[in-house]
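Trainee: First the structure, then my questions, so here it is.
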Amino acid sequence: MKAQEVINKFRDTGALLEGHFVLSSGLHSAVYLQCALVLQHPRAAEEFGRRLADHFRDQNIQAVASPAIGGLIIGHEVARALDARFIWTERENGKMVLRRGFTVAPGERLLVVEDVVTTGGSTRETVEALQASGANVLAAASIIDRSAGKADVGVPHVSLASLNVPSVEPSVCDACARGELAVKPGSRKEQQAVNRNG
Ligand SMILES: [Zn+2]
């Protein structure tokens, strides 16, 4: 599966929008990704999972771990393709942790999977939480890398497609300078709030 096919699948399902957007980080970008809209189609999720798994078939991955919520569907599909266990981390008092009785064995060979890596923050936190639990985290993988390869997640990282679209502070955003309204895709309420502030 070529990177362009992955991007096309996102575009066809409305998961990739082009315009002028406020990202959850507060930064502005000409591209907005909502992976849930492509991953709502199990066949697409399964294919992405299989393609990511192809990078790790000879590495004896024993478990795949993902940060909730974004990583759950794709992580589960990668784990299925590798015939590995699937677990997830989630935030507790702001800290990424394993809950629900999930444990890792000392030295267990893990792969961390996310839907999108932007800054790499949640992936890195997941890697660190697993390492602190004794796991041997071999690598990380995501469907999309929108950091232009710059995100440092603490372990080697692969993705199916890279999006080289800058995310910038509103104060240096070209579209804002042209007077174009930035929108936050999602609820109508959110859009109105952004418009009032914008
Ligand atoms: Zn802007």
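Trainee: Using the Cα atoms as the points, what is the convex hull volume per residue of region 1-110 in Å³?
Mentor: Measuring per residue, one finds 126 Å³ for the Cα hull of region 1-110.
Trainee: Counting only protein heavy atoms and a 1.4 Å probe, tell me what percentage of region 60-177's accessible area is made up of carbon and sulfur.
Mentor: Exposed carbon and sulfur together represent 48 percent of the surface.
Trainee: Taking the Cα centre of each part, how many Å lie between region 79-118 and region 13-27?
Mentor: Here the answer is 27 Å between Cα centres.
Trainee: Given the Cα-Cα distance of GLN131 and ASP83 and 0.36 nm per residue of separation, how much length would full extension add, in nm?
Mentor: Taking 0.36 nm per residue and subtracting the Cα distance, the gain is 15.1 nm.
Trainee: Then there is this: Given R₀ = 30 Å, what would the calculated FRET efficiency be for LEU138 paired with SER162, taking r from the Cβ atoms and rounding to 0.05?
Mentor: 0.90
Trainee: Can you give me the orientation-averaged projected area of the convex hull built on the Cα atoms of the chain, in nm²? Can you show the working numbers first?
Mentor: Values: hull surface 46.8 nm².
Here the figure is 11.7 nm², rounded to one decimal.
Trainee: Hey, can you find the accessible area per residue of the chain for me, probe 1.4 Å, expressed in square angstrom?
Mentor: Dividing the accessible area of the chain by its residue count gives 52 Å².
Trainee: Pull up the cross-link candidates among the aspartates and glutamates for LYS9, meaning alpha carbon to alpha carbon under 20 Å and not fewer than 8 places away within one chain.
Mentor: In chain and number order, the partners are GLU18, GLU46, GLU47, ASP54, GLU77, GLU114, ASP115, ASP145.
Trainee: Continuing with the same structure: Set the Förster radius R0 to 22 Å, insert the Cβ-Cβ distance between MET1 and SER24 as r into 1/(1 + (r/R0)^6), and round the FRET efficiency to 0.05.
Mentor: Values: r = 27 Å, r/R0 = 1.23.
With R0 = 22 Å, the Cβ-Cβ based efficiency is 0.25.
Trainee: For region 68-173, what Kirkwood radius comes out of the mean inverse Cα-Cα distance, in Å?
Mentor: 14.4
Trainee: Okay, moving on. Mind listing the lone cysteines of the chain, meaning no other Cys beta-carbon sits under 4.7 Å from theirs?
Mentor: By the Cβ distance rule, which asks for a partner under 4.7 Å, the isolated cysteines are CYS35.
Trainee: Using Cα pairs closer than 8 Å and at least 6 residues apart in sequence, work out the relative contact order for the chain, in percent.
Mentor: Relative contact order of the chain: 20 percent.
Trainee: Based on the Cβ-Cβ distance of HIS41 and ILE69, what FRET efficiency does E = 1/(1 + (r/R0)^6) give at R0 = 25 Å, to the nearest 0.05?
Mentor: 0.90
Trainee: Here's another thing I want to ask about it. 222 nm [θ] for the chain, helices only, -39500 (n - 2.57) per DSSP H run of 4+, per residue, to 500? Intermediate values should be presented prior to the final figure.
Mentor: Working: 7 runs with 63 residues, N = 198.
Roughly -9000 deg cm²/dmol at 222 nm, from the helical runs in the chain.
Trainee: According to a simple spin-label model (label point 7 Å from Cα along Cα-to-Cβ), what is the distance in nm between ASP54 and ASN93?
Mentor: The answer from the label model is 4.5 nm.
Trainee: With loop defined by DSSP as not H, G, I, E or B, and exposure as at most 12 other Cβ atoms within 10 Å, which is the longest segment of the chain clear of exposed trypsin sites (Lys or Arg not before Pro)? It would help to have the intermediate numbers written out before the result.
Mentor: Numbers: sites that count: LYS2, ARG57, ARG99, ARG100, LYS150, ARG178.
The longest such stretch corresponds to 3-56.
The values are calculated or read from the model by the stated rules, or taken from the named source; none is laboratory data. Computed from a predicted structure; not experimentally measured. Because the Cβ atoms are built from the backbone with ideal geometry, glycine has one as well, and the counts that use them run over all protein chains shown. Just the protein is used for accessible areas: all its heavy atoms, side chains included, with ligands, DNA and RNA removed. Shrake-Rupley method; radii C 1.70, N 1.55, O 1.52, S 1.80 Å.
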